[in-house]
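Peer 1: Quick one: the structure is below, questions incoming.
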Amino acid sequence: MSKNIDGFSKLSKEEKISWISQFHFSYPEDAKKLISSYNHSDSKIQKKHDEFIENSLANYYFPIGVAPNFLINNKTYTLPMAIEESSVVAAACKAAKFWASRGGFKTTILGQEKIGQVHFLFQGSFEKLNPLFQEKKEELIHSLENLTQNMQKRGGGILDIELVDKTDLIDHYFQLHLTFDTVDSMGANFINSCLEQIANTFKNVVENHTGFTAEERVVEIVMSILSNYVPNCLVKAEVRCPIEKLGEHEGMPAKYFVQKFIQAIEIAKKEPFRAVTHNKGIMNGVDALVIATGNDFRAVEAGVHAFAAREGSYSSLSNAYVMGNDFVFELTLPLSLGTVGGLTQLHPMVKWSMELLGNPNAKELMQIVAVAGLAQNFAALRSLITSGIQKGHMKMHLLNILNQNDASEAQKIKAVDFFKTNAVTHNAVSDFLNTNP
């Protein structure tokens, strides 16, 4: 039978589940039962979830855990973290507790500028187009007042607009490059609406300009879209303390620990293969918090990794050095986040996460998220340069392995105790279960 179908989106959820189960699974009733069981028991909550996307069938659950004891700018936070990787929350907790007794985390907002671009083709030269643009620039900005007035009341709006000549890259290619401050909103819909309107206004201005030839009056708008690269929407997080107060780590003296820590980061600065994994560890903390607060983790990931390659090669996002007698560890990230709009008012767990954080504004959330990334990076590097990453990771992964082997509760209790002093591997766990039925 054909697996193609017309009008799938018009079917009821029950009909969609039935069709999917029948045509794509060896055991249709089992598949139907499983997917149906992941719908929320509260129909109102489930309806909200279903309306987030097209063709919703159920919910895909991530665990949401918490990491307490984060001292950030002298205020204590408990961070919500939505993630499936077993060791991430534990690592965040350890890093938070370690630094809370050493002055905590300090953060600084370096900028909140967001970017949108109108990409277009123009048959004339920049030298002819730019005078017209400069003459009409204020008119173009004013043409958006119907869209920007509410944002302006909140302290945001359009910051500037530039005409950019990109003909060295593509023949006849130009941009209108707009910068925005969207305050507590991520602002994607706002920015895109502004771009589409200003594109039409600009096109009309050029097409009606009597100083151009007929060919020069042709503007082809290719697309109008925000950029997820936000190199001027930055936050910096850091920790610092006297070297002697770092204490020993797995028997390693503080001075040697600092030396190896800085060496590890220097490697991540120079070696892209290491840098990718190094930065992925940072994003373990960032993404977990971004997801928990209903923000767009794909946009954050794309922007962060572009920032990591801003100098021509992919490099570490974090830095460490010695200043006087102090060890300093810092992280600068581009983060476009929102605390209003989107899922923040719709998803019950997002609202819960926001309240847990004290209902931060966008600037505060940027700072908290950056700290989560820095904490995660510290925990990973500390493990790597001392006992190795697998010791702690596999201990946390133990329960996953036990569940994969359908271990009983009694076996889990025995296994947790046994592997406190024994290496965790899939084979070792399997052998343990075979000898401890």
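Bear in mind that the values in this text are calculations on the coordinates, not laboratory data. Note that this is a predicted model, so its numbers are computed, not measured. Cβ atoms come from the backbone with ideal geometry, glycine included; neighbour counts cover every protein chain shown.
Peer 1: At 7 Å along Cα-to-Cβ for each site, give me the label-to-label distance between Phe126 and Lys3 in nm.
Peer 2: According to this spin-label approximation, the distance is 5.1 nm.
Peer 1: Give me Rg over Rh for segment 393-435, both radii from the alpha carbons and Rh done the Kirkwood way, two decimal places.
Peer 2: Using Cα coordinates only, the ratio equals 0.89.
Peer 1: Could you work out how far the C-alpha centroid of segment 58-100 sits from that of segment 173-252, in angstrom?
Peer 2: So the separation of the two Cα centres works out to 30 Å.
Peer 1: Follow-up. Taking the number of other C-beta atoms within 10 Å as the exposure measure, put Met81, Met354 in order starting with the fewest.
Peer 2: Least crowded to most crowded, the residues run Met354, Met81.
Peer 1: Take the chain, connect every pair of alpha-carbon atoms lying under 10 Å apart with a spring to form a Gaussian network, then pick out the residue of Ala199, Ala372, Ala91 with the largest mean-square fluctuation.
Peer 2: In this elastic network of the chain, the residue with the biggest mean-square fluctuation among Ala199, Ala372, Ala91 is Ala199.
Peer 1: Of all DSSP beta bridges in the chain, what percent run antiparallel (nearest 5)?
Peer 2: On the way: 51 of 53 bridges.
Just about 95 percent of them are antiparallel.
Peer 1: To two decimal places, what compactness ratio does segment 114-227 give when its Cα radius of gyration is scaled by 2.2 N^0.38 Å?
Peer 2: 1.06
Peer 1: For helix 389-404, what angle does its Cα long axis make with the longest principal axis of the chain, in degrees from 0 to 90 and rounded to 10?
Peer 2: Helix 389-404 sits roughly 80 degrees off the main axis of the chain.
Peer 1: Compute the angle between helix 126-142 and the longest alpha-carbon principal axis of the chain, please, reported from 0 to 90 degrees and rounded to the nearest 10.
Peer 2: Between helix and principal axis, roughly 80 degrees.
Peer 1: If each DSSP helix of 4+ residues adds -39,500 (n - 2.57) and the sum is divided by the residues in the chain, what number results at 222 nm, nearest 500 deg cm²/dmol?
Peer 2: On the way: 15 runs with 208 residues, N = 437.
The per-residue figure over the chain is -15500 deg cm²/dmol.
Peer 1: Using only the alpha-carbon atoms, how far is helix 362-385 inclined from the longest principal axis of the chain? Give it as 0 to 90 degrees, nearest 10.
Peer 2: Value to nearest ten degrees: 40.
Peer 1: While we're looking at this one, here's another question. On a full-extension model of 0.36 nm per residue, what is the gain between Lys236 and Ala90, subtracting their alpha-carbon distance, rounded to one decimal in nm?
Peer 2: Computed gain between Lys236 and Ala90 is 50.2 nm.
Peer 1: Return the label of the correct value of percent of Cα pairs over 31 Å apart, as calculated from the structure shown, out of (i) 44; (ii) 35; (iii) 56.
Peer 2: The calculated read-out lines up with (iii).
Peer 1: Expressed in nm to one decimal, what extension gain is obtained for the pair Ile109 and Asn146 from 0.36 nm per residue of sequence separation less their Cα-Cα distance?
Peer 2: Values: separation 37, 0.36 × 37 = 13.32 nm, distance 2.97 nm.
Roughly 10.3 nm would be gained on extension.
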